[in-house]
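To keep things clear, I will list the structure first and then write my remarks on it.
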Amino acid sequence: MPDLADDNPPAFDPDALYSSGRDWAPEYVHKCGVCNSTEDVLPVTEWSRGLCRKCLPKALEHRIFLDMRRREMLHVRDRVGICVSGGKDSAALLACLANLRRRRLFTAVAIYIDMGIPGYSAACRDAVTELCRRYAVRLVVEDAAAHDVAPQETGHWNVCAACGGIRRALFPRIARRENLDVIATGHTLEDMFQIMLKQILSGRTFAPKAVLPAGEYDPKKIKPLYFIPERLTAAYTQIEGLEFEPSKCPHFPPDTHRFKDVFAHLERLAPMSKIQFLTNLGHMMKSQPVAERPYECLDCGERAQKSLCPLCTMRRLQHGEDLPTDDPS
Ligand SMILES: [Zn+2]
Ligand SMILES: [Zn+2]
């Protein structure tokens, strides 16, 4: 965690950020595309340019601003809930959006869901609290325990699926309670690529989209980092000295990100191919259709596909309670 009292600039190490080596990158990306400097330059083959330590933060914020404007992610006076996890990508998202409030009039609120994972969640919560204080963004913390659910193996959910299910269930409820128009998440280019590759490998044809319009019961969902390589969020986090929790969740399966090596190799063989692949796949694949929710959950009243919403199904299973036998679905 960076010490805010320390006046020394945080370390910026382009070599460490380029784990696959950067000798292969074309010559023109070793020079900053903004100021022409050759000092402390991070090659960004995805954008056919290099960015130096001094120019990178503003260039990244500007790119996110342009992406958000082109895709109409935010409108003036929107109230945006930024989902923060304590990790570097959502830290970069929060800092960029907080800085972009000067260029576009919107209100930002950070949302952290505390899963109560021993030795991990408290550290993430501390990092998020510090980050929000620094950027003057109000933080809403929701404890999973307050809903009587925990990230643990339950029915057909493994630990990570249970955690994801709890988040997906709570974000729209928090958005309604806090009167938010939009929910923003910190998924990056590599996350999107990985989701699409898994979809294709399992024979499905749905692609995650950068913008999901608001539904009858859900707020609009946006992914401002959809086209941003992770290396840039990592560099931004280093340069700005953002608070984040560097350790991984103890439940995180070690092979989850194995596909990311494929993308690094692809970029190496053909610079810019990651962005082209993502753009073209995004056009070829369909949006996931919105499932109808004709019922009101018996326990909480939330709109649901069955007589119980996923959150209440999980709660009942975790507490050894019966599920309705005459489910209408
Ligand atoms: Zn520069
Ligand atoms: Zn429910």
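Here are the numbers for this structure:
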read-out: Within region 242-270, considering residues that are loosely packed, with under 14 Cβ neighbours inside 10 Å and of a type in the set (D, E), the one farthest from A92 (Cα to Cα); value: D255
read-out: Residues of region 176-194 classified as assigned to a helix (DSSP H, G or I) and more than 26 Å from Y236 (Cβ to Cβ), total; value: 2
read-out: In region 315-329, residue nearest to P208 (Cα to Cα) [restricted to those that are touching a residue at least 24 places away in the same chain (Cβ under 8 Å) and not polar (S, T, N, Q)]; value: R315
read-out: G81 away from ligand 2 (no atom under 16 Å from the Cβ), in a strand (DSSP E or B) and not assigned by TED's automatic domain parsing to the domain that holds L225; value: no
read-out: Search result, residues across region 34-87 that are within 16 Å of ligand 1 (Cβ to nearest atom), under 17 Å from the mean Cα position of the chain (by Cα) and without any contact (Cβ under 8 Å) to a residue 60 or more places away in the chain; value: E61
read-out: Residue within region 132-140 that is surrounded by fewer than 19 Cβ atoms within 10 Å (Cβ to Cβ), assigned to a helix (DSSP H, G or I) and in contact (Cβ under 8 Å) with a residue 12 or more places away in the chain present; value: yes
read-out: Matching residues in region 170-198 - criterion: being among the hydrophobic types (A, V, I, L, M, F, W, C), out of contact with any Asp or Glu (no Cβ under 8 Å at 6 or more places or on another chain) and touching a residue at least 24 places away in the same chain (Cβ under 8 Å); value: F171, L180, I183, A184, M192, F193, M196, L197
read-out: Selection within region 79-111 - at pLDDT 95 or above, touching a strand residue (DSSP E or B) at 6+ places or on another chain (Cβ under 7 Å) and not β-branched (V, I, T); value: R79, G81, C83, S90, L93, L94, L97, A98, A108, A110
read-out: Options F263, F227; residue that is among the aromatic types (F, W, Y), assigned to a loop (DSSP other than H, G, I, E, B) and within 20 Å of the chain's Cα centre (by Cα); value: F227
read-out: Any hit, region 91-100, residues being within 16 Å of ligand 1 (Cβ to nearest atom) and hydrophobic (A, V, I, L, M, F, W, C); value: no
read-out: Any hit, region 208-228, residues being hydrophobic (A, V, I, L, M, F, W, C), touching a His at 6+ places or on another chain (Cβ under 7 Å) and under 30 Å from N99 (Cα atoms); value: yes
read-out: Index of the failed condition, L212 passing every other in (1) surrounded by fewer than 13 Cβ atoms within 10 Å (Cβ to Cβ); (2) of a type outside the set (D, E, K, R); (3) closer than 30 Å to C312 by Cβ; value: (1)
read-out: Residue pairs meeting the criteria (Cβ under 7 Å; at least 6 apart or on separate chains; first not assigned by TED's automatic domain parsing to the domain that holds G155 and near ligand 2 (Cβ under 9 Å from one of its atoms), in region 291-314; second among the basic types (K, R) and in a loop (DSSP other than H, G, I, E, B)); value: A304/R293
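The values are calculated or read from the model by the stated rules, or taken from the named source; none is laboratory data. These numbers come from a predicted model, not from an experiment. A quick note on method: Cβ atoms are made from the backbone with ideal geometry, for glycine too, and the neighbour counts reach across all protein chains shown.
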